[in-house]
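Heads up, the thing below is written out as structure tokens.
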Amino acid sequence: MNKKNQPKRCKMHVKVGDNIQVISGKDKGKIGEITKIFPKTSQVIIKGTNVKTKHVKPQQEGESGQITTFEAPIHSSSVMLYSSKKQVASRINYTLNEAGKKVRILKKTGEIID
């Protein structure tokens, strides 16, 4: 917690657009793409995983209620980056490329992510 009693921003190992695999929870083993991240709570939203339903009351008279589905966020420690070429999840390593730019590399395959 910081001075204003808000969660501290955590540095995350994933970014929007990364392909990941869920490694724990009810959606364990599912593969998807990150659509949104929340650095303050260290959570991510993944397309097609952790789908919840919500019952919505009617707003106006004569209107019927609805049941909507949405993807709820899960903690970033429950996901690993996924290599679609080799079909394997892996941790990441940070190194410098030839141009001197910091890049992310999958440890198992050596594949450069960005």
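Details
- Among the criteria (1) at pLDDT 95 or above; (2) assigned to a loop (DSSP other than H, G, I, E, B); (3) surrounded by 11 or more Cβ atoms within 10 Å (Cβ to Cβ), the one Gly17 does not fulfil is (3).
- Residue within segment 76-88 that is farther than 24 Å from Ile105 by Cβ and not in a strand (DSSP E or B) present: no
- Just one of the listed residues (Lys86, Lys52) is among the charged types (D, E, K, R) and closer than 24 Å to Asp114 by Cβ, and it is Lys86.
- Residue list for segment 89-112, restricted to those being closer than 18 Å to Val14 by Cβ and in a strand (DSSP E or B): Ala89, Ser90, Ile92, Asn93, Tyr94, Thr95, Lys102, Val103, Arg104, Ile105, Leu106, Ile112
- Counted residues, segment 32-63 - those being part of a loop (DSSP other than H, G, I, E, B) and either touching an Asp or Glu at 6+ places or on another chain (Cβ under 6 Å) or not basic (Lys, Arg) (or both): 13
- Tabulated pairs, segment 13-33, first more than 18 Å from Arg91 (Cβ to Cβ), second of a type in the set (Gly, Ala, Ser), C-beta under 8 angstrom, 6+ apart or interchain: Gly25/Ser78; Lys30/Gly48; Gly32/Gly48; Glu33/Gly17
- With respect to the conditions (1) in contact (Cβ under 8 Å) with a residue 24 or more places away in the chain; (2) more than 15 Å from the chain's Cα centre (by Cα), Pro73 lacks only one, and its number is (2).
- Verdict on Gly32 being closer than 23 Å to Ser83 by Cα and in contact with a Gly (Cβ under 6 Å, 6 or more places away or on another chain): yes
- Whichever residue in segment 37-72 is in contact with a Gly (Cβ under 8 Å, 6 or more places away or on another chain) and of a type in the set (A, V, I, L, M, F, W, C) and, among such residues, is farthest from Lys26 (Cα to Cα): Val56
- Hits in segment 50-86 (condition: closer than 22 Å to Ile34 by Cα, in contact with a strand residue (DSSP E or B) (Cβ under 9 Å, 6 or more places away or on another chain), of a type outside the set (Ser, Thr, Tyr) and exposed (fewer than 10 other Cβ atoms within 10 Å of the Cβ)): Lys52
The values are calculated or read from the model by the stated rules, or taken from the named source; none is laboratory data. Values in this document were obtained by computation on a predicted structure and should not be read as measured data. Here the Cβ is made from the backbone with ideal geometry for all residues, glycine too, and neighbour counts use every protein chain on show.
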